[in-house]
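Presented below is the structure to which this report refers.
The values are calculated or read from the model by the stated rules, or taken from the named source; none is laboratory data. Computed from a predicted structure; not experimentally measured. Heads up, the Cβs are rebuilt from the backbone with ideal geometry, glycines too, and the neighbour counts pull from every protein chain shown.
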DNA sequence: CAGTGGTCTAGACCACGGT
DNA sequence: CCGTGGTCTAGACCACTGG
């Protein structure tokens, strides 16, 4: 009974990875060419190509025309941070999500914001303060600025029951963004909303979002004391 | 003069992306089949397949056999955190890197560590304290535990001039890991090494690393006050 | 059962970049 | 120049899954 399935790109990928892990091909070593590997594995070159391309995307190997394929020496590890909507993130830990709008006003962009995200000085922005709760305990304090020029319909939106993030995701999907993570000390406002003591260390994530080169929103999310963000690779 | 190049998968990918951004195909919409797109773009189905596969990997579209391809509704944004070696990270900001070994001892694994990374109680581990400086200013304090069973040769290693991370990368490449980010208050030790005031908020990254199911190392890296970690997507 | 994506093939041409 | 990876093609078969 031949259980031999045809050699797929995953087989090639895994076998190459195994040889690298087992130091059959040590760091910096030159791998056989795609053609040679295709012959060895008894498959088409395109199959080998796809396998190696995936490993290259993961940073496991470096590929260069003419020079060939080498085992990466100092691989830059890439961890994928999954950024989900708060509601989803909270419901994933089996907690009840609750949202509250704290404050909403239309103002001219403060100069720090204008320079932060690249706005005209004095452009009108919508400024929001929101709270996200998990099982009625403070989870995240959100301070957000939305560029009204970029999404004029925002002035009609109702943020009293749904967070601006969910609204924006529906209006301006697939934007690109820059994220900054840091640790900050709780000021009076944060301490109050997150029920921490003033000065307590809090985890903060800031995100600037653009859509087709145009700044859309800047958000500063501060999490409850003890919050930890995890990921794997 | 026809400047028409042959339609490549990038052309297809970008055009499909454009139509999604322009709401020609709104969220949840069903895209044409690969065959239809191939006909429209005048290329092979494999080319369309590769283009759509990339968009699917980015979370822009959802693909299912038989049902077809749809524009993702609530895309989970994926930010790639690039985890580089400290030396590299510091040199990238044009600062001079300096490393110092603070303390090194072999001990039985404390129980919290054993349970944290899945070790036998009492297994021998190498415990290290290190400092990383940028332009002679404290940049990161590193506290690390290495499972000696996983890398016996570690007891011979010399960490007085090179950090354990660089050594481990050379010995145990391409491992998988779990990362946790958080904000902590500086204790006396951290305050001393990072020249911060006690209680100051500090950004901390913890990482557990395995190699082929076996726990290798756990490291707690605490950064200087004001440190910010950035990424894009 | 039949439609749609998933993958493989064998061959081809191209583009980059050492020599 | 010319070897190596990058990509495309036209066709084929497979695998999952909705109806």
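I'd like the residue in region A:49-63 that is at pLDDT 95 or above, closer than 23 Å to residue B:232 by Cβ and not in a strand (DSSP E or B) and, out of all such residues, is farthest from DNA strand D (Cβ to nearest atom). Once the filter is applied, the top-ranked residue is A:54. For region B:64-88, taking the residues that are at pLDDT 90 or above and buried (at least 16 other Cβ atoms within 10 Å of the Cβ), the one that is farthest from DNA strand D (Cβ to nearest atom) is identified as B:86. For region B:213-223, the candidate set comprises residues that are farther than 29 Å from residue A:176 by Cβ and in contact (Cβ under 8 Å) with a residue 24 or more places away in the chain; within that set, the residue that is farthest from the chain's Cα centre (by Cα) is B:214. Taking each residue of region A:155-182 that is at positive phi and looking for partners that are in a helix (DSSP H, G or I) with beta-carbon atoms closer than 6 Å, six or more apart or interchain, yields A:174/B:21. If the condition is being more than 7 Å from chain A (Cβ to nearest Cβ) and assigned to a strand (DSSP E or B), then region B:198-217 contributes B:204, B:205, B:206, B:207, B:208, B:209, B:210, B:211, B:214, B:215, B:216, B:217.
Within region A:38-63, the set of residues being in contact (Cβ under 8 Å) with a residue 12 or more places away in the chain, within 11 Å of DNA strand C (Cβ to nearest atom), buried (at least 16 other Cβ atoms within 10 Å of the Cβ) and more than 12 Å from chain B (Cβ to nearest Cβ) comprises A:41, A:43, A:47, A:48, A:51.
Give the residues of region A:207-220 that are under 14 Å from residue A:143 (Cα atoms) and surrounded by fewer than 19 Cβ atoms within 10 Å (Cβ to Cβ), sorted by residue number. Scanning region A:207-220 gives a single hit, A:220.
So, in region B:7-27, of the ones that are in a loop (DSSP other than H, G, I, E, B) and away from DNA strand C (no atom under 15 Å from the Cβ), which residue ends up surrounded by the most Cβ atoms within 10 Å (Cβ to Cβ)?
So, considering only residues that are in a loop (DSSP other than H, G, I, E, B) and away from DNA strand C (no atom under 15 Å from the Cβ), the one surrounded by the most Cβ atoms within 10 Å (Cβ to Cβ) is B:27.
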